[in-house]
Amino acid sequence: MAYTRGSCRLRLLLQMAGMRQAELARRTGYSRHQISNWVNDREKMSFDAAATVAFTLDCHMEELYEFHEG
């Protein structure tokens with residue numbers, strides 16, 4: 001069974017971590033604009049970006065997006 005990436009859960013994960021987008025940008029080296037694009041589902045994270053964000057938020061990469069069968 002194949003899975004596809006759905007909506008980004010970064011907004012929720014940031015709230016749970018008590019972190020703002022600007023802080024995530026500072027900690028990861030990605031621009032605030034890039035973080036905003038991910039949070040608002042304008043772009044999908046690359047594998048490397050997802051690994052960096054997950055490490056920074058102390059979560060698993062799979063938690064960054066909703067996944068759907070199909």
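The values are calculated or read from the model by the stated rules, or taken from the named source; none is laboratory data. This one's a predicted model, so the numbers in the text were calculated from it and none came from an experiment. Cβ placement follows ideal geometry from the backbone for every residue including glycine, while neighbour counts extend to all protein chains displayed. In case anyone asks, the SASA skips ligands and DNA or RNA and just uses the protein heavy atoms, side chains included. Shrake-Rupley method; radii C 1.70, N 1.55, O 1.52, S 1.80 Å.
Counting only heavy atoms of the protein chains, get the accessible area per residue of the range 1-56 (1.4 Å probe) and round it to a whole Å² value.
Spelled out: the 1.4 Å probe surface of the range 1-56, per residue, equals 66 Å².
In whole percent, how big is the carbon plus sulfur part of the accessible area of the chain, probe 1.4 Å, protein atoms only?
49
Using modelled backbone amide H atoms (1.01 Å from N, in-plane), which distant-in-sequence or interchain residues come within less than 5 Å of residue 65's amide H?
The list, which skips near neighbours in sequence, is 9.
Only helical DSSP H runs with n ≥ 4 go in: add -39500 (n - 2.57) per run for the chain, normalise by residue count and round the 222 nm mean residue ellipticity to 500 deg cm²/dmol.
It lands at -14000 deg cm²/dmol.
Please report, for the Cα atoms of the chain, the Rg to one decimal and the Dmax as a whole number; what are they, in angstrom?
11.6, 38
Quick check on packing: order 58-66, 34-42 by the mean number of other C-beta atoms within 10 Å, highest mean leading.
Descending mean neighbour count gives 34-42, 58-66.
Placing unit charges on C-beta atoms (Lys and Arg positive, Asp and Glu negative, everything else neutral), compute the dipole magnitude of the chain about its Cα centre in debye, rounded to 20.
360
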